[in-house]
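Taking it in order: structure first as structure tokens, then the write-up.
The values are calculated or read from the model by the stated rules, or taken from the named source; none is laboratory data. In this text the structure is predicted, and so the values were computed from the model without any measurement. Positions of Cβ are backbone-derived with ideal geometry, glycine not excepted, and every protein chain shown enters the neighbour counts.
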Amino acid sequence: MTCECRGLILVEETLQTVCWPMNRFYNSSEKDRHELEGPLRLEEKVDGTQVNLFYSTNHHRWMAATRHTFCEQDKLYQDLLLASLGNHVTSLDEIPGLDRDITYCLEVCSMENRVVRKCPKPTTFLLAAFDLKTHHQSIPDDQLDIFTAFERPIVYNNPRGDETDPQAILTTCCQKESLFEGLVLKDCHFRRQKLKSSLYSKIHKLKYRGFRLVTPDLAVPLILSNQHHAILEALQDLRPDEVDEIKARFDKYEELIDGQLLRLGNLWKTRVCRETDRRKQYEICRDSGLVCADILLRKWTQDQLFDAKDKPCDRVLREILSSDPPKWCDYLLKKKNLLDANNPHSRFLSASHGPRYCMPTKPPPEPGVAPHMPSRLADGSWHVECPCGQGPMKLRRLKCDSNRYRLCHCGERIGIHCYRSGLLLWQCDACGADHEAHQRDGQWTDKVFTAGQPLGVAATAATKRWRLHVHEYLDEWKRQSSHDEAYQFLADGLGLSRHDAHVSLFDARVCYRAIQLLSSSSSPSTEDTGNQ
């Protein structure tokens, strides 16, 4: 179902198919992939957004369908498609040569919908087309190649020869361009597989998931193969908001590995290479406590070890590790004392601080909220003021995960919070602040809310910490009693109506009072965290 019906569009009354997109196809390494029969056609996998172009019999015009409507906050994918075709085309109906009985599967590439690769000139590629009159039969590539309205992906081989090695072609392309995405392998039955560059795949993941993904199992092979510099260079443009933290994590893991190699080099020169008995060499390595110490013994013969005795051992060992990064990465990851594989974020959070907030000793100096509550305008949109006072906030849907360290009042890192891709979030372009929003239409008790409606009043980062501290206590209350009882107790203690007892409405000073109230009551006791 999910393979064959992605993007399928039917007329509701008649169930007539008006848009028949490509089936989903898998990476060549995935178990659900379609098995291909030679000869194969090898095409470049273009890096953009898939758009299906079809004729609507109900609306009597050409339409473009995508997974999302907007490529940017103020631009439709349809606008991007038209821009790629030149100034002479102002509507989809003006595209020359279109057949109303055919669905055209396109890929739109530009800087405005950039995934990883740069595409300074907006370009639309024709990937496939399906004839609705002939039971959705795929139109042959030789007919698509002569269609002039759109570009076609680069073909890397003669389709009549099946002796071409796709992996060799991919390697050559990646050597020419580090951000090359990969190849699409197509057989005579129009079945497809993707063969992707491993470096591209890692950059893609880091772009959309951010620094949380820089864990030992991802970082170590890249460091050993010296590919992390290319990744950081690409992410300078793709994730400027998180590239500093991504670099800090790579630097930390590289420091740990290099430190081990340097110490091992000294051990090798002073002791191991002077010992001819292999068993005693292993004993020296084992007793050293260096997690990499026996890799040389596993890899080299005795003669090779002797020949290398005068070489800088840390460099030699790094060359060995680089020869097969996945193998040695797996070995290193088993050594918990080197990379903290069980808790990959532990090196970047406070080691001496628990996961709970410190108890504040004095009230905050500033309320730390916007001067006015959000207001609804005549057109139904919202006006949301930022605490910085430099202009209204804008509602956006996140295209990538946005990760933030959760800070205690004392400034220590105590956790990581992630705003997931696809989330609606109010953002301030002036100061970078953000404010949560309802994600869908709904109703809670007597209040009706709509998707995008702001949650309470926008606050500074410091006030958000106070609000999270209040929620920490409320969560304990709710586990012991109920949601309504916890909030009713909070409202009574603060002298507020139940309607106004929402933490998203509190400024920092009200939060301080709430913390004092909840921590000193006879509610469930808070465990001693050891935080001072």
Of all residues making up segment 332-371, the number that are assigned to a helix (DSSP H, G or I) and modelled with pLDDT under 90: 8
Filter pass, Arg152 being closer than 21 Å to Asp79 by Cα and in contact with a helix residue (DSSP H, G or I) (Cβ under 7 Å, 6 or more places away or on another chain): yes
First in segment 137-154 and modelled with pLDDT of 90 or more, second anywhere and assigned to a loop (DSSP other than H, G, I, E, B) and acidic (Asp, Glu), Cβ under 7 Å, 6 or more apart: Arg152/Asp145
Of all residues making up segment 408-458, the number that are within 13 Å of Leu398 (Cβ to Cβ) and among the polar types (S, T, N, Q): 3
Pick from segment 123-147, criterion in contact with a strand residue (DSSP E or B) (Cβ under 7 Å, 6 or more places away or on another chain) and part of a loop (DSSP other than H, G, I, E, B), ranking: farthest from Trp20 (Cα to Cα): Phe147
Qualifying residue in segment 193-205 (condition: surrounded by fewer than 22 Cβ atoms within 10 Å (Cβ to Cβ), assigned to a helix (DSSP H, G or I), touching a helix residue (DSSP H, G or I) at 6+ places or on another chain (Cβ under 6 Å) and outside the structural domain of Asp401 (by TED's automatic domain parsing)): yes
Filtered residue count, segment 230-263, keeping only those that are crowded, with 17+ Cβ neighbours inside 10 Å and outside any helix (DSSP H, G or I): 2
Inter-residue pairs, beta-carbon under 6 Å, first under 19 Å from Arg404 (Cα atoms) and in segment 243-261, second modelled with pLDDT of 90 or more and β-branched (Val, Ile, Thr), 6+ apart: Ile246/Val214; Arg249/Val214
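Matching residues to (1) in the same structural domain as Leu213 (by TED's automatic domain parsing); (2) surrounded by fewer than 16 Cβ atoms within 10 Å (Cβ to Cβ); (3) closer than 27 Å to Thr361 by Cβ; (4) not aromatic (Phe, Trp, Tyr):
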site: Leu395; (1), (2), (3), (4): no, no, no, yes
site: Asn403; (1), (2), (3), (4): no, no, no, yes
site: Gly411; (1), (2), (3), (4): no, yes, yes, yes
site: Gly456; (1), (2), (3), (4): no, no, yes, yes
site: Trp466; (1), (2), (3), (4): no, no, yes, no
site: Trp477; (1), (2), (3), (4): no, no, yes, no
site: His483; (1), (2), (3), (4): no, yes, no, yes
site: Tyr487; (1), (2), (3), (4): no, no, yes, no
Segment 350-374 residues that are more than 25 Å from Ala437 (Cβ to Cβ), paired with ones that are among the hydroxyl-bearing types (Ser, Thr, Tyr) and surrounded by fewer than 17 Cβ atoms within 10 Å (Cβ to Cβ) (beta carbon under 6 Å, 6 or more apart): Gly354/Thr529; Arg356/Thr529
Residue pairs meeting the criteria (Cβ under 8 Å; at least 6 apart or on separate chains; first assigned to a strand (DSSP E or B), in segment 8-30; second surrounded by 13 or more Cβ atoms within 10 Å (Cβ to Cβ) and among the aromatic types (Phe, Trp, Tyr)): Ile9/Phe54; Val18/Phe54; Val18/Tyr55; Cys19/Phe54
Asp441 more than 25 Å from Asp500 (Cα to Cα), surrounded by fewer than 13 Cβ atoms within 10 Å (Cβ to Cβ) and out of contact with any Gly (no Cβ under 9 Å at 6 or more places or on another chain): no
Pick from segment 119-152, criterion touching a Ser or Thr at 6+ places or on another chain (Cβ under 9 Å) and polar (S, T, N, Q), ranking: surrounded by the fewest Cβ atoms within 10 Å (Cβ to Cβ): Thr123
Members of segment 76-111 that are crowded, with 16+ Cβ neighbours inside 10 Å and among the charged types (D, E, K, R): Glu107
Looking only at segment 372-393, and only at residues there that are out of contact with any Asp or Glu (no Cβ under 7 Å at 6 or more places or on another chain) and not in a loop (DSSP other than H, G, I, E, B), the one that is surrounded by the most Cβ atoms within 10 Å (Cβ to Cβ): Glu385
Cβ-Cβ under 6 Å pairs, at least 6 apart or on other chains, segment 217-237 side closer than 13 Å to Phe250 by Cα, far side charged (D, E, K, R) and part of a helix (DSSP H, G or I): Ile223/Glu254; Leu232/Lys247
Long-range neighbours under 9 Å by Cβ, at least six apart or interchain, first residue in the same structural domain as Arg61 (by TED's automatic domain parsing) and in a loop (DSSP other than H, G, I, E, B) within segment 78-106, second surrounded by 12 or more Cβ atoms within 10 Å (Cβ to Cβ) and of a type in the set (D, E, K, R): Leu85/Glu94; His88/Glu94; Asp99/Asp131; Asp101/Asp131
One residue from Leu218, Leu170, Leu213, Leu222 being modelled with pLDDT of 90 or more, touching a helix residue (DSSP H, G or I) at 6+ places or on another chain (Cβ under 8 Å) and farther than 23 Å from Met111 by Cβ: Leu213
